[in-house]
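The values are calculated or read from the model by the stated rules, or taken from the named source; none is laboratory data. Bear in mind the structure is a predicted one, so any value in this text is a computation, not a measurement. Note that each Cβ is placed from the backbone with ideal geometry, even for glycine, and that neighbours are counted across all protein chains shown.
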Amino acid sequence: MNQDIEKLIVQDKKKGLSDKDIGGKYGVTLKAIERIVTREFGVNISNAANHLPSSPKKIIKTITPKGFAVEETTVWSFKSRGSWATHNGNYRGNWSPYIPRNVILRYSKERDLVVDYFCGAGTTGVECKLLNRNFIGIDINSAAIELAAENIDLKVSETAADTKTTLRVGDARDLNGIDDATVDLVCAHPPYADIIRYTHDNEGDLSGYGVAKFLDEIGKVARESYRILKHNAHCAILIGDMRKNKNVVPLGFQTIERYLASGFVLKELVIKRQHNCKTTGFWYSNSVKYNFLLLAHEYLAIFEKRKKGVRGGKEVAVSAPVSFNTYQGWQLTGEINTLESTTVWIFNEKDWQRDATLNLTKRYSSGGYVFFGKDAQDKPKTDLTGTDLIITLSADNMDELVSFAKKTLSTGGILAIVCEDVRRGDGLVVPTALNIEQRLRGNSTLEIKEVIVVSIENGKRSTDHGSLDITHKYILIYRKAI
């Protein structure tokens with residue numbers, strides 16, 4: 001890119017122009033603008049005008065969120081990002097403060113030690129200060145640590161004086177200076193491989209790695225997390241998926257696997273969905289035209305470090321028993337005017353099966369679909385070659401399912417596997433969708449296209465207040481390769 005244009009872009013960013021306006025003005029991509037901004041300012045920020053030395057500090061109107069209540073289900077959605085205290089969305093990719101606030105309140109107590117090794121602009125640290133927790137914030141980017149120090153420098157209650165905040169430049173893969181089993185909670189939001197670049201030329205920055213390298217390195221982060229945590233303590237990680245060549249890359253599931261492989265068990269698997277994630281106009285039209293769903297969810301995995309020798313209850317199969325293991329209610333009745341266009345489908349308890357069926361058949365079938373499973377009313381026959389959609393509620397026999405899909409589906413046809421996470425008797429979670437995706441990963445015939453989350457609203461709530469109510473299902477969409 002011409003250096004003169006780069007200088008003009010920096011000047012416009014300092015004036016507060018949006019990336020969209022700059023992109024239109026100079027004919028450059030968002031990625032190109034991000035590279036220029038990160039190189040110029042040291043951090044990837046959306047509004048450079050607020051990052052200048054002469055910029056006034058944010059006026060703090062309140063230090064607590066209005067009407068806040070701790071989340072009780074596995075689907076979290078917030079009406080706004082959250083702007084109490086010094087929180088703001090200027091640092092690209094930082095998480096909503098509602099997330100660390102929920103995690104800190106549920107999995108730690110006052111004066112506990114919380115660590116965030118992808119500290120960024122200090123969102124977790126601000127919440128720790130507001131909630132009277134000790135905090136260690138680490139980031140590989142020195143400019144981010146400076147920004148975090150500024151954000152955490154706020155006066156709150158007298159009790160906060162009893163806690164300590166430590167910020168330093170460091171690498172999440174090597175948490176030197178933190179002794180074994182001394183941390184009460186890890187609360188972190190890693191980069192999603194190379195979707196957003198957080199530094200310009202730092203070779204150790206995980207946001208500069210492709211998926212394979214990122215997963216190798218996040219495994220090292222997971223092992224360090226396990227080392228520093230006390231027994232029975234928790235590690236909360238927010239991670240999302242990517243898209244490549246119109247197919248989803250299940251980075252979320254693969255990252256969770258790395259943490260489980262390091263020794264953790266899975267306490268909760270929360271879906272963080274975008275609030276009001278319905279799409280209209282341009283994005284809706286393109287979702288239908290090119291047959292893809294807009295990514296609208298992330299995974300908040302809560303891991304637990306159990307005492308040595310305690311591994312939890314009996315292991316379960318890849319496909320745990322589901323609460324909807326009958327095909328009654330899944331038959332096609334009624335009509336829909338518009339299709340769901342994101343990866344989060346929000347339905348009510350009464351009609352979710354019908355609405356999911358209508359969306360699947362209207363989006364993926366021209367009429368040649370079939371239900372597969374032992375409880376299906378129409379038993380699969382051998383003369384169904386050319387079927388364009390298979391819907392199954394059972395993955396008990398994966399070999400039989402895959403074999404049937406290979407023989408029956410037309411080229412480009414869709415296999416839709418409906419499943420749900422299951423709570424074990426010991427309180428841990430069986431990540432059924434993750435297990436299925438792992439089992440089918442690398443299959444030469446079936447390639448994963450979408451991971452859909454079905455959020456069930458207005459349903460019955462559990463009386464078990466020790467764990468979150470599981471209020472979501474999954475639909476894994478596989479496409480028969482051409």
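See the values below:
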read-out	value
Selection from region 139-160 of residues that are more than 24 Å from Ile59 (Cβ to Cβ) and buried (at least 24 other Cβ atoms within 10 Å of the Cβ)	Asp139, Asn141
Sole exception among (1) in contact (Cβ under 8 Å) with a residue 60 or more places away in the chain; (2) in contact with a Ser or Thr (Cβ under 6 Å, 6 or more places away or on another chain); (3) under 30 Å from Asp153 (Cβ atoms) for Tyr226, by number	(3)
Residues of region 89-111 classified as farther than 11 Å from Cys187 by Cβ and not in a helix (DSSP H, G or I), total	11
Residue count, region 96-153 (criterion: acidic (Asp, Glu) and under 24 Å from Val75 (Cα atoms))	2
Any chance Ser444 is farther than 24 Å from Val288 by Cβ and outside any strand (DSSP E or B)	yes
Odd one out for Ala193 among (1) within 18 Å of Val221 (Cα to Cα); (2) among the small types (Gly, Ala, Ser); (3) surrounded by fewer than 22 Cβ atoms within 10 Å (Cβ to Cβ); (4) at pLDDT below 95	(3)
Within region 162-247, strands (runs of 3 or more DSSP E) holding 1 or more residues that are among the basic types (Lys, Arg) and in the same structural domain as Ala121 (by the TED database)	165-169, 229-240, 242-244
Answer from Asp205, Asp216 - the residue that is over 25 Å from Ile436 (Cα atoms) and among the charged types (D, E, K, R)	Asp205
Single residue of Asp396, Asp378, Asp388 found to be over 14 Å from Thr357 (Cβ atoms), surrounded by fewer than 21 Cβ atoms within 10 Å (Cβ to Cβ), at pLDDT below 80 and not basic (Lys, Arg)	Asp396
Answer residue from region 419-435, given it is of a type outside the set (Asp, Glu) and touching a Ser or Thr at 6+ places or on another chain (Cβ under 7 Å) and is farthest from Thr392 (Cα to Cα) among those	Gly427
Residue in region 258-272 that is within 19 Å of the chain's Cα centre (by Cα), free of Cβ contacts under 8 Å to residues at least 60 places away in the same chain and crowded, with 22+ Cβ neighbours inside 10 Å present	yes
In region 401-439, the residues that are in contact (Cβ under 8 Å) with a residue 40 or more places away in the chain and in a helix (DSSP H, G or I)	Val402, Ala405, Lys406, Thr432, Ala433, Leu434, Asn435, Ile436, Glu437, Gln438, Arg439
Qualifying positions in region 205-222 - farther than 18 Å from Leu260 by Cβ and among the small types (Gly, Ala, Ser)	Ser207, Gly208, Gly210, Ala212
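Condition check ((1) crowded, with 21+ Cβ neighbours inside 10 Å; (2) at pLDDT below 85; (3) of a type outside the set (Lys, Arg); (4) under 16 Å from Ala433 (Cα atoms)) across all residues:
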| position | (1), (2), (3), (4) |
| --- | --- |
| Leu238 | yes, no, yes, no |
| Gly252 | yes, no, yes, yes |
| Tyr284 | no, yes, yes, no |
| Leu300 | yes, no, yes, yes |
| Glu304 | no, no, yes, no |
